[in-house]
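A quick write-up on the structure given underneath.
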Amino acid sequence: MSTVVESHDHGHHGPAKGLSRWLFTTNHKDIGTLYLWFSFIMLFIGGAMAMVIRAELFQPGLQIVQPEFFNQMTTNHGLIMVFGVIMPAFVGLANWMLPMQIGAPDMALPRLNNLSFWLLPMAFGILISTLFMPEGGPNFGWTFYAPLSTTYAPSTVNFFIFSVHVMGVSSILGSINIITTIFNMRAPGMTLMKMPLFVWSWLITAYLLIAVMPVLAGVVTMMLMDINFGTSFFNAAGGGDPVLFQHVFWFFGHPEVYIMILPAFGIVSHIIETFSRKPIFGYSSMVYAMASIAILSFVVWAHHMFTVGMPLAGELFFMYSTMLIAIPTGVKVFNWVATMFRGSITFETPMLFSIAFVALFTIGGFSGLMLAIVPADFQYHDTYFVVAHFHYVLVPGALFGIIAGAYYWLPKWTGNMYDETLGKLHFWLTFISVNVTFFPMHFVGLAGMPRRYPDYALQFADFNALISVGAFMFGLTQLLFLFIVIKTIRSGKQAKPEVWEGAGDLGLEWTLSSPPPYHSFTVQPQVK
Amino acid sequence: MAYIKKVFTKLIFVMPVLFSSLVFSESSDYNMPVGVTEVSESIFELHMVIFWICVVIGIIVFSIMFWSLWKYRKSKGAVAADFDDNFWLEIGWTVAATLVLVWMAVPSTQVMVEAYDDAEGEINILITGHQWKWHYEYLEDEVGFFSNLSTSQEQIDGEVPKGEFYLREVDEPLVIPTNTRVRFLITGNDVIHSWWVPDFAVKQDAIPGFINTAWTNVPEPGIFRGACTELCGIKHAFMPVVVRAVEREEFDAFIAEKVALAEEERLLTSKVWTKEELMARGEGFYATNCAACHQAGGQGIPPVFPALVGSQIALSDSARHIEILMEGVQGSAMAAFGDSYSEVDIASVITYTRQAWSNGENGDGVIVTPQDIVAYKNRIDL
Ligand code: HEM
Ligand SMILES: [Cu+2]
Ligand SMILES: [Cu+2]
């Protein structure tokens with residue numbers, strides 16, 4: 001086979017032309033781009049569903065949609081945002097940045113990489129197609145509690161199960177690739193404790209994914225058996241146990257929420273050090289904090305189930321373990337603040353999003369801490385207080401992390417600077433609308449409005465109207481983001497290799513040209 | 001631009017203060033209700049303690065952060081220092097965080113132990129969540145009833161103005177005595193529901209196959225309104241909880257009346273019913289119990305909920321019709337009604353669906369009587 005090597009023409013190592021470039025690509029940047037665009041499109045689809053929800057909730061009464069369709073909207077909104085927006089966006093960023101940050105030419109397993117991506121459009125194609133079937137799509141919440149999702153589900157639940165399986169395979173393959181890349185392809189001299197924090201965050205996330213995606217696959221398979229093959233895992237009439245479903249689901253589900261935030265921790269750490277012009281404070285405690293969050297996330301799952309009727313000892317155990325997670329999380333926040341302290345700070349768009357991330361994610365952390373207090377959780381559980389909590393950690397948390405990362409690396413990817421004025425405008429509109437949308441949800445929740453309600457009592461009307469206005473504003477604002485991204489791809493001031501002042505010392509990615517060569521590092525750099 | 005920036009910055013600081021002052025006042029509509037029981041009051045206090053601890057930590061962290069952002073901005077010539085760790089500082093704040101958490105955990109544990117108590121009550125009530133209504137049964141007296149939303153569909157659809165207790169009113173509230181330990185045994189009939197009364201701080205999932213317990217002891221008479229808080233299908237938002245707490249004498253009278261009614265019901269079963277009587281009774285029963293799925297005109301919502309108009313079962317198969325009502329259809333949303341309702345109710349609704357709409361002309365004209373249901377039950381018991 002040595003002849004193959006001879007015919008290898010090193011002059012033609014650019015991308016293939018046309019559609020086949022994207023269908024058959026094994027290049028980490030192309031695949032990263034695919035992931036990012038996929039997630040961007042899903043953000044608008046899932047966002048449109050949120051708009052339907054908020055339009056219906058603008059006033060009490062049923063005006064726009066019927067409860068059956070409303071339930072399909074909340075369910076698919078949740079599923080799409082979690083599995084179709086946040087997770088693929090992080091994988092996209094990993095694909096682009098990991099090889100560049102560790103000094104590698106590409107990911108370790110490029111063909112697998114192609115497969116992991118192309119599974120996703122199929123999975124979501126299947127999921128979304130159920131909305132057009134006569135019985136309608138999944139309507140049992142993104143947590144799909146049995147028996148509502150088994151005995152009482154529309155028959156399209158089988159498509160849902162299949163699509164969850166496909167998403168799971170995609171995530172597992174992606175994680176294997178990431179772990180392999182990080183362990184085998186680091187530049188000489190880059191020891192584990194010299195890895196950039198984004199690389200660390202993804203290494204930990206990838207292990208979490210490999211650990212819990214099979215659990216998710218297990219639980220949907222049990223559902224499949226109950227629905228089609230006469231088993232009774234979750235069917236009380238057949239001797240099964242509906243609570244077992246929740247234990248298995250949340251054993252996946254809680255680590256899943258950290259899967260959705262750890263990479264954002266990594267991104268934000270880089271941005272804060274760049275724009276504070278000062279190395280990240282407490283690098284090693286940042287790494288240990290992420291590792292302890294990941295480990296603890298396996299022993300807190302039942303904090304989602306405080307009202308299912310657990311023994312007292314169980315309730316207390318899960319309360320304490322959940323409170324423990326606040327420690328490493330707090331450490332991270334303190335470290336970010338200490339990084340800013342005595343820095344030399346500028347406020348470019350990525351930094352603005354990161355500052356907002358630290359502040360608002362912390363608010364989500366506080367409400368999380370309140371939710372951990374079992375007796376108080378009896379009052380909070382399944383109300384809008386919970387909706388406020390998880391949106392604070394997911395939207396100004398995970399999503400802001402992603403947006404910040406996009407602004408931070410966009411000049412590197414495209415070779416063009418984005419428009420700073422528009423970026424700042426995007427930030428302020430987003431920041432205001434996010435708070436107008438999600439902050440009042442705390443109050444309607446405390447006042448007693450349960451979640452997943454298409455209609456509500458009159459005393460919640462004022463705040464719901466305000467929330468809906470905020471939501472429409474948030475939705476519209478993201479069109480501006482789309483515009484900015486397209487504008488940057490097409491034109492803009494030429495970006496230097498280091499892009500940001502002083503970033504050249506901060507990571508290997510800033511030593512490459514902007515845009516970087518197709519095979520990032522063909523010669524491994526030496527890390528001191 | 002600079003002016004706008006200033007306004008924004010002010011807004012960032014003012015907003016939280018504004019909002020927390022809303023929360024601050026105890027009687028606020030936007031905070032957790034204090035409630036009426038000892039447990040609900042302890043939980044409210046705990047909630048406020050934890051809230052204020054978070055506010056204080058927040059103020060400290062955010063002031064340091066925003067002060068640093070202000071003080072060390074490059075535009076004012078700040079030059080970055082070059083430190084990237086401080087061992088004792090890091091140990092210090094880790095320990096401090098741990099201590100604060102322990103401080104929070106102590107009262108939380110106390111309140112939890114207070115709230116968690118599954119000793120028998122003086123009155124024990126079995127609460128069963130159904131799609132989409134609650135059933136209450138007084139275990140000592142063996143009487144029970146369903147509690148349905150009483151807000152009209154016209155209000156929901158906006159055809160008439162919404163009443164004061166829109167979506168928070170039922171046809172028959174649960175009645176409990178004051179100053180009595182009442183224990184709730186909570187279960188589900190079909191999917192998982194969750195029974196919540198904020199003023200008692202009781203929220204327990206109603207899970208098929210499980211019986212969860214909760215308890216309360218209400219000092220003052222009053223009407224307390226709550227909700228179902230676990231997604232249970234289409235009408236999840238339309239199955240509120242209403243509890244009426246009354247003095248002991250009034251409660252005893254209420255139970256006596258229920259017992260008498262139940263006795264009357266038993267007598268009715270043996271009475272000879274005419275078609276018209278059955279139809280009249282069946283119509284009301286149908287409207288409250290079947291119309292949610294099969295619709296008032298019997299047309300259903302195919303393919304999810306089949307039409308009863310023109311259904312072969314309703315037209316010509318009365319035996320199967322009885323069986324479906326008594327046993328439900330396994331693996332579908334069609335529940336078994338036999339265990340929860342009287343023979344008279346079942347017979348009348350079957351007769352009604354066989355005679356109403358166009359079914360009367362097109363069907364076999366069979367009338368199902370309470371005696372037929374008794375006969376069916378006896379056959380099954382053999
Ligand atoms: C414009 C932005 C958004 C708005 C207005 C919005 C609004 C909502 C609303 C109204 C609900 C339903 C509440 C209920 O259960 O009744 C909901 C649920 C949810 N949202 Fe969002 N959302 C937005 C963005 C996001 C993002 C970015 C994520 C994920 C990262 C997300 C994740 C979720 C999840 C997981 C649920 C729970 C779904 C369920 O209960 O089944 N949302 N959202
Ligand atoms: Cu959790
Ligand atoms: Cu419900």
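Quick rundown of the values:
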{"read-out": "Subset tally (residues that are within 16 Å of ligand 2 (Cβ to nearest atom) and crowded, with 24+ Cβ neighbours inside 10 Å) for region A:262-292", "value": "1"}
{"read-out": "Total residues in region A:478-528, condition hydrophobic (A, V, I, L, M, F, W, C), free of Cβ contacts under 8 Å to residues at least 24 places away in the same chain and assigned to a helix (DSSP H, G or I)", "value": "2"}
{"read-out": "Filtered residue count, region A:179-209, keeping only those that are part of a helix (DSSP H, G or I) and either surrounded by fewer than 15 Cβ atoms within 10 Å (Cβ to Cβ) or of a type in the set (D, E) (or both)", "value": "5"}
{"read-out": "Every pair of residues 6+ apart whose Cβ atoms lie under 8 Å, when the first sits in region B:225-237 and is closer than 10 Å to A:L148 by Cβ and touching a residue at least 12 places away in the same chain (Cβ under 8 Å) while the second is assigned to a loop (DSSP other than H, G, I, E, B) and within 16 Å of ligand 2 (Cβ to nearest atom)", "value": "B:E230/A:Y145; B:E230/A:D382"}
{"read-out": "Yes/no for A:L120 being more than 16 Å from ligand 2 (Cβ to nearest atom), open to solvent by 30 Å² or more (accessible area, probe 1.4 Å) and farther than 30 Å from B:C293 by Cβ", "value": "no"}
{"read-out": "Qualifying position, being under 18 Å from B:L126 (Cα atoms) and more than 16 Å from ligand 1 (Cβ to nearest atom), among B:P221, B:P240", "value": "B:P240"}
{"read-out": "Count - residues of region B:263-294 that are open to solvent by less than 60 Å² (accessible area, probe 1.4 Å) and at pLDDT 85 or above", "value": "12"}
{"read-out": "Conditions (1) closer than 30 Å to B:P208 by Cα; (2) in a loop (DSSP other than H, G, I, E, B); (3) in contact with a helix residue (DSSP H, G or I) (Cβ under 7 Å, 6 or more places away or on another chain); number of the one not met by A:G240", "value": "(3)"}
{"read-out": "Subset tally (residues that are more than 14 Å from chain B (Cβ to nearest Cβ) and either farther than 15 Å from A:A153 by Cα or within 16 Å of ligand 3 (Cβ to nearest atom) (or both)) for region A:222-249", "value": "1"}
{"read-out": "Subset of region A:469-501 that is surrounded by 15 or more Cβ atoms within 10 Å (Cβ to Cβ) and among the small types (G, A, S) - its residue that is farthest from A:I102 (Cα to Cα)", "value": "A:G470"}
{"read-out": "Counted residues, region B:142-188 - those being within 10 Å of another protein chain (Cβ to nearest Cβ), in contact with an Asp or Glu (Cβ under 9 Å, 6 or more places away or on another chain) and under 19 Å from B:I211 (Cβ atoms)", "value": "2"}
{"read-out": "For B:V197: the one exception among (1) surrounded by fewer than 20 Cβ atoms within 10 Å (Cβ to Cβ); (2) at pLDDT 95 or above; (3) β-branched (V, I, T); (4) in contact with a Lys or Arg (Cβ under 9 Å, 6 or more places away or on another chain)", "value": "(1)"}
{"read-out": "Qualifying residue in region A:440-451 (condition: farther than 20 Å from A:F70 by Cβ, part of a loop (DSSP other than H, G, I, E, B) and within 12 Å of another protein chain (Cβ to nearest Cβ))", "value": "yes"}
{"read-out": "Residues of region B:344-382 satisfying the condition of being basic (K, R) and on the phi > 0 side of the Ramachandran plot", "value": "none"}
{"read-out": "Boolean, B:I192 is in contact with a Gly (Cβ under 6 Å, 6 or more places away or on another chain) and not assigned by TED's automatic domain parsing to the domain that holds B:Q330", "value": "no"}
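Table: residues versus (1) of a type outside the set (V, I, T); (2) assigned to a loop (DSSP other than H, G, I, E, B); (3) over 20 Å from B:L231 (Cα atoms); (4) open to solvent by 70 Å² or more (accessible area, probe 1.4 Å).
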{"site": "B:A97", "(1), (2), (3), (4)": "yes, no, yes, no"}
{"site": "B:L101", "(1), (2), (3), (4)": "yes, no, yes, no"}
{"site": "B:G121", "(1), (2), (3), (4)": "yes, yes, yes, no"}
{"site": "B:I127", "(1), (2), (3), (4)": "no, no, no, no"}
{"site": "B:H135", "(1), (2), (3), (4)": "yes, no, no, no"}
{"site": "B:E140", "(1), (2), (3), (4)": "yes, yes, yes, yes"}
{"site": "B:F145", "(1), (2), (3), (4)": "yes, no, yes, no"}
{"site": "B:V160", "(1), (2), (3), (4)": "no, yes, yes, no"}
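The values are calculated or read from the model by the stated rules, or taken from the named source; none is laboratory data. As the structure is a prediction and not an experimental result, all values here were calculated from the model. Using ideal geometry, Cβ is built from the backbone for each residue, glycine included, and neighbour counts are taken over all protein chains shown. Surface areas here come from the heavy atoms of the whole protein model, side chains and all, with no ligands, DNA or RNA. Shrake-Rupley method; radii C 1.70, N 1.55, O 1.52, S 1.80 Å.
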